[in-house]
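These notes are about the structure you will find just below.
Coordinate-derived values only; no laboratory data. As the structure is a prediction and not an experimental result, all values here were calculated from the model. Here Cβ is always computed from backbone atoms with ideal geometry, including for glycine, and neighbour counts include all displayed protein chains.
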Amino acid sequence: MTSGFGIVPMAVFLRERSPSLPQRLRRFSWIGLVGLTIAGTSLWGLRWARSLHAEPLLQPLPQDPYIQAYFNHSEASFYTEPYRHQSRQGDNLEQVVIDAVQSAHESVDVAVQELRLPGIAIALRERQQAGVRVRIILENSYRQPLSEMASQGTVAMEERDRDRFEDAIQIIDQNRDGHLSPEEIAQNDALVILERAGIPILDDRADGSRGSALMHDKFVVVDGHTLVVGSANFTPSDMHGDFLAPDTHGNANHLLRIENRELAQTFSREFALMWGDGVGKEPDSKFGLQKPYRGPQTVTLAPGSTVTVQFSPTSPSQNWWVSGNGLIGRTLSQAQQRIDIALFVFSDQYLSYVLEARHHEGVSVQALIDANFFSRNYSEGLDMMGVALPDDRCRIEAGNHPWNEAIASVGTPNLPDGDMLHHKFAVVDGTTVITGSQNWSASANQSNDENVLVIHNATVAAHFEREFERLYRDAALGVPLNIQEKIHEQTARCQH
């Protein structure tokens, strides 16, 4: 029997194995990598030869007993990703879902645009095998297992979809040989795991149509009293990061876990509308505008803590103020001091009107929008900065209204290359949070299956305020130079 012991500089090991490890973790004295060989078998482990000289993490904020908030870019926690095996800052959003699922004794209902994480699929399978009723609703565009898509080839895909698929398939191809073995598919293709377990899966074609505009909800109801809801799809890119871009930490997202039977059952009723009588039966499911109008419903969780929820879509024939975006607008209009906004998309002109009115009354307005949408001609971020951008046909968006008193507190966050700002939240006066799956757009409001929540709770608001401050701290504010040049070029071209 032989044994061996060795120590190597850990700086190289960390940078090679975890290139996206936060900079603050690279400030250390030294660490040893210890190897022990027994009978030809090497056992490796990390051994701290001296403690890390790391900057302290932010102290975790107190959580409300009924509403817990989690952020995958949080600076108050660390976790090791289960797929890329990288240690990084943030809350493990996948584990938030898994923990809720594993607590189920009677039922789990999942309505999410996309589900690609095998960890969640395995948790659902285990509950189903334990006698728990499990049901899943997906957007039809994401109903096909990744392994089936791989067998059909990617030639017909558009470039963006091909790139996205090639990254997603890495979650199955564990040995990275470019071939999906039956074992890899069985263990790592989330939809195959669910299908083979006999879990019923329904999508937005169950109403007999070709699919609604978009089934964009992201919620889980457990045992009729636990609700998980927020902005994150159940995918690597929305929770952890991209395989082919190791520096990514996942699109900036959040999830809430809420314990309240009345609120959870409000979501259960929405699920029931979409589910109808289930898979393969009568096409009585209701998606999109087939659903009846559902006005806002308010639930009191504790003294001083309420949640108002409204589901979309609302028909454009209805007054805008009674829609989901109308609920957002009414909440913004109550602001007395400040409004902080972090959005994937902001293109609803009416919400821009509301914000401009509050700005005129002296309310501080700060807004961050994902860089992919910030500078599009329909972006309300441009309106807020007093800018109008013609499209390629020299047209200005109908109803476009650049603010007369432009503000410079609008911009894009500085995220790892490849990550997007996927939040859909605002914090009003540090006490109220607007969140949910709904982007601030007309299509989300009038076409998609969505949810909007307005949470009056200062403890919860503090978590979202911290996330906004993190994003705003080194954001690029004002009209970027490239947009100024684009405006000048478009204007000059359109004048000829």
Put a dot 7 Å past each Cα toward the Cβ at SER317 and HIS179; how far apart are the dots in nm? 5.9
Ordering 78-84, 394-400 by per-residue average of other C-beta atoms within 10 angstrom, highest first, gives 78-84, 394-400
Alpha-carbon radius of gyration plus Dmax, which is the widest Cα pair, for the chain in Å: 23.9, 85
Per-residue ellipticity at 222 nm attributable to helices in the chain (runs of n ≥ 4 DSSP H, -39500 (n - 2.57) apiece, nearest 500 deg cm²/dmol) works out to -8500 deg cm²/dmol
Taking a straight Cα-to-Cα line shorter than 29 Å from LYS424, and setting aside same-chain lysines fewer than 8 residues away, one finds LYS218, LYS286, LYS291, LYS486
Relative to the present Cα-Cα distance, how much length would full extension add between THR80 and CYS394 at 0.36 nm per residue of separation? 108.1 nm
Contour minus end-to-end for GLN144 and ASP474, with contour as 0.36 nm per residue of separation and end-to-end as the Cα-Cα distance? 114.9 nm
Fewest-first ranking of TRP321, TRP275, using other Cβ atoms within 10 Å as the exposure measure: TRP321, TRP275
About its Cα centre, how strong a charge dipole does the chain have in debye, to the nearest 20, once Lys and Arg get +1 and Asp and Glu get -1 at the Cβ? 740
Full-extension gain in nm, ARG338 to GLU195, via 0.36 nm per residue minus C-alpha separation: 46.7 nm
Provide Rg over Rh for region 67-275; use the alpha carbon set for both Rg and the Kirkwood Rh (inverse mean inverse pair distance). 0.95
Taking a ≥ b ≥ c as the square roots of the Cα gyration tensor eigenvalues, with a/c under 1.5 meaning rounded and otherwise prolate when a/b beats b/c or oblate if not, region 293-494 comes out prolate
Write down the Å³ per residue value for the convex hull defined by the alpha carbon atoms of region 184-244. 162
Rg/Rh ratio calculated on Cα atoms of region 296-390 (Kirkwood radius): 1.00
Based on DSSP, what percent of beta bridges with both residues in the chain are antiparallel, to the nearest 5? 75
Run the simple label-point estimate for GLN484 and GLU166 please: 7 Å along Cα→C-beta, distance reported in nm. 3.7
Which residues does the label zone of ALA245 cover in region 135-177, counting backbone N under 18 Å from a point 7 Å along Cα→Cβ? 158-171
Residues of region 454-486 with the amide nitrogen closer than 13 Å to a label point 7 Å from the Cα of ALA408, along Cα-to-Cβ, please. 477-480
